[in-house]
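One structure is given below, encoded as structure tokens.
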Amino acid sequence: MKINSVQGKIIIFIEKYIAWFFLILLKSTLRYNIKGDLHRHSNVIYLLWHQNIIPAVLSRTKENIALLASASFDGELIAAPLSLLGYTMIRGSSSKKGVSALREMLSALKSNSISLTPDGPRGPAHKLKDGVLYLSLMSKCPIIPLVVNVHKKWQFNSWDKFILPKPFSRVDMHYLQPFFVNSKDEMPQKLSEIESLMNDYVF
């Protein structure tokens, strides 16, 4: 379905407020245990796996953070309620509008932090792509890996094993040490280090 069609606009308008209300209601029940430096006073690139989008975004509403969403209709269904939660939305992906999305992210990092899911939008799950390393190199902003553990959850049979916290669940979120990318030569090593750290972290 096209975003600009009449039917598409109606569906997005209705879904935006229903999803926003559900997310706000869910957030009010969750108990967060957050560790590490959130870097609220500097512009950084947060990284988390695609499956953890919901618990992560609910923890940082109304903060100065930009998110990347696909330019597709499905992406709009995600972007619309997140914008109501206070996030700045950047539209594009590695497969659609990738160059323009990169420009927007570089521009956003001048005044915002950015949160990215480097294994999205289609996977493979828990595999880090090198685009975020180029973003860090070009912007001079550090990468902050974020690992998430939801104690009580629904887990869907999707490519990423998408997680939806159950009401009143405890959510552990740990912000790990920053990674600076200073040259292309060090990218393979940094990519391996960050991916291993995010996958092997023990709470």
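Screening V99, V57, V148, V132 for residues that are surrounded by fewer than 15 Cβ atoms within 10 Å (Cβ to Cβ), closer than 29 Å to M187 by Cβ and hydrophobic (A, V, I, L, M, F, W, C) leaves exactly one candidate, V99. Screening L176, L164 for residues that are touching a Leu at 6+ places or on another chain (Cβ under 9 Å), more than 18 Å from L38 (Cβ to Cβ) and touching a residue at least 60 places away in the same chain (Cβ under 8 Å) leaves exactly one candidate, L164.
Test of understanding: among N52, N43, which residue is buried (at least 20 other Cβ atoms within 10 Å of the Cβ) and under 23 Å from D130 (Cβ atoms)? Exactly one of N52, N43 is buried (at least 20 other Cβ atoms within 10 Å of the Cβ) and under 23 Å from D130 (Cβ atoms), namely N52. Where helices (runs of 4 or more DSSP H) fall entirely within the stretch 28-119, those with at least 1 residues that are in contact with a helix residue (DSSP H, G or I) (Cβ under 9 Å, 6 or more places away or on another chain) and farther than 23 Å from S139 by Cα are at 53-59, 73-84.
Screening the candidates F203, F180, F168 for the property of being aromatic (F, W, Y), closer than 17 Å to P55 by Cα and at pLDDT 95 or above yields one hit, F168.
For the stretch 76-109, the set of residues classified as modelled with pLDDT of 95 or more and of a type in the set (D, E, K, R) is empty.
Here G75 does not fit the description of being on the phi > 0 side of the Ramachandran plot and not charged (D, E, K, R). When D74 is tested against the conditions (1) closer than 27 Å to E186 by Cα; (2) out of contact with any Lys or Arg (no Cβ under 8 Å at 6 or more places or on another chain); (3) of a type in the set (D, E), the lone failure is (1). Considering only residues in the stretch 151-184 that are among the hydrophobic types (A, V, I, L, M, F, W, C) and under 19 Å from S113 (Cα atoms), the one that is surrounded by the most Cβ atoms within 10 Å (Cβ to Cβ) turns out to be V181.
The values are calculated or read from the model by the stated rules, or taken from the named source; none is laboratory data. It should be emphasised that the depicted structure is a prediction, and the values quoted were computed from it without experimental measurement. FYI the Cβ positions are ideal-geometry reconstructions off the backbone, even for glycines, and counts take in every protein chain you see.
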